[in-house]
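Everything on this sheet refers to the single structure shown next.
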Amino acid sequence: MSKQSSYVSKQSDETGFINWTDEENQIWSELMARQMSCIEGKACDEFFAGLDKLQLPTDRVPQLNDVSKVLLETTGWQCAEVPALINFEKFFQLLADKKFPVATFIRRREHFDYLQEPDVFHEIFGHCAMLTNPDFSEFTHKYGLLGLQATKEERVFLARLYWFTVEFGLMRQHGELRIYGGGILSSPGETDYALTATQPERFDMNILDVFRTPYRIDIMQPKYFVIDAIHDLFDFSKLDLMEMVREAMKLGMYAPTFPPKSAA
């Protein structure tokens, strides 16, 4: 989270208003139209229910105050305007305070299909709709609280739980696989790949295995973990997750199923 970013977040004025350009609003509009078409019949019911609550504009980038108003009324969360990249300490503190970090920049056209850094479309469209769900929001809050108390080494293992749930989680619903992870929901390529491709492995959720499974942020995921219902996340939040982290640290990591990242 502390690497160099090629983007600079926009600053809001004293009222919290961010002045997005016509081009940035157009990019939001195109991203919305494309992804809404892509996720039809693929995202979980809870995501669509959250979108209905948020009523995101289709012609412009939403203002964080408008999104926060809905989150506060539903689950007590709100958006927090942040720079393009923040460190783990700040990240965990925000989640512990029920503030979801939103980097206030939107991807350029050369990054339309893929962007490693989380932009405002990823954060608002991909995550904030799910944050209107009480089970999802409680799990995310507990994750922030745990991260604040974890050691640097423990955080490395703990990060995998966030990755394979909040970012790239799948669930069973209506007799088929559906998406609830924001990293998939905001990516057309990963949306189709996660549900239909033959290459990735899909496992029943096992938290200890999640803590031991490596991942890369710059490739389509070779592994996904599947929950049975969104309430599973609430149940996970009540487990002794840090004891499971310590057990995973003793057992060690699984071998990666992907090649190492080549040096640039």
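The values are calculated or read from the model by the stated rules, or taken from the named source; none is laboratory data. Nothing here was measured: the structure is a model prediction, and the numbers come from that model. Here the Cβ positions follow ideal geometry from the backbone for every residue, glycine too, while neighbour counts run over all protein chains shown.
Quickly run through the range 48-61 and pick out the residues that are more than 20 Å from ALA229 (Cβ to Cβ) and surrounded by 15 or more Cβ atoms within 10 Å (Cβ to Cβ). So that I can check it myself, show each step before the final result.
Step one: filter the range 48-61 for residues more than 20 Å from ALA229 (Cβ to Cβ), giving 54-61.
Answer for the range 48-61, where residues must be more than 20 Å from ALA229 (Cβ to Cβ) and surrounded by 15 or more Cβ atoms within 10 Å (Cβ to Cβ): LEU54, LEU56, ARG60, VAL61.
Among the residues of the range 187-209, is there at least one that is among the small types (Gly, Ala, Ser), surrounded by 14 or more Cβ atoms within 10 Å (Cβ to Cβ) and at pLDDT below 95?
Initially, the range 187-209 is screened for residues among the small types (Gly, Ala, Ser), giving 187, 189, 194, 197.
Adding the requirement that they be surrounded by 14 or more Cβ atoms within 10 Å (Cβ to Cβ) leaves 187, 194.
Now drop any that are not at pLDDT below 95, which leaves 187.
Yes, the range 187-209 contains at least one residue that is among the small types (Gly, Ala, Ser), surrounded by 14 or more Cβ atoms within 10 Å (Cβ to Cβ) and at pLDDT below 95.
Consider the range 213-250. How many of its residues are at pLDDT 95 or above, more than 24 Å from SER137 (Cβ to Cβ) and surrounded by 11 or more Cβ atoms within 10 Å (Cβ to Cβ)?
Selection size over the range 213-250: 8.
Tell me which residues, restricted to the range 158-177, are surrounded by 21 or more Cβ atoms within 10 Å (Cβ to Cβ) and either more than 28 Å from LEU115 (Cβ to Cβ) or in contact (Cβ under 8 Å) with a residue 40 or more places away in the chain (or both).
LEU158, ARG160, LEU161, PHE164, THR165, PHE168, GLY169, LEU170, MET171
Condition first: in contact (Cβ under 8 Å) with a residue 40 or more places away in the chain, out of contact with any Ser or Thr (no Cβ under 7 Å at 6 or more places or on another chain) and among the aliphatic types (A, V, I, L, M). Now tell me which residues in the range 211-250 satisfy that.
Once the filter is applied, which keeps residues that are in contact (Cβ under 8 Å) with a residue 40 or more places away in the chain, out of contact with any Ser or Thr (no Cβ under 7 Å at 6 or more places or on another chain) and among the aliphatic types (A, V, I, L, M), the range 211-250 yields ILE217, VAL226, ILE227, ALA229, ILE230, LEU241, MET242, VAL245, ALA248, MET249.
It is to be established whether one or more residues within the range 140-157 are modelled with pLDDT of 95 or more, within 27 Å of GLY41 (Cβ to Cβ) and crowded, with 16+ Cβ neighbours inside 10 Å.
yes
Looking at (1) surrounded by 15 or more Cβ atoms within 10 Å (Cβ to Cβ); (2) in contact (Cβ under 8 Å) with a residue 40 or more places away in the chain; (3) in contact with a strand residue (DSSP E or B) (Cβ under 8 Å, 6 or more places away or on another chain), which is the one condition that is false for ASP45?
(1)
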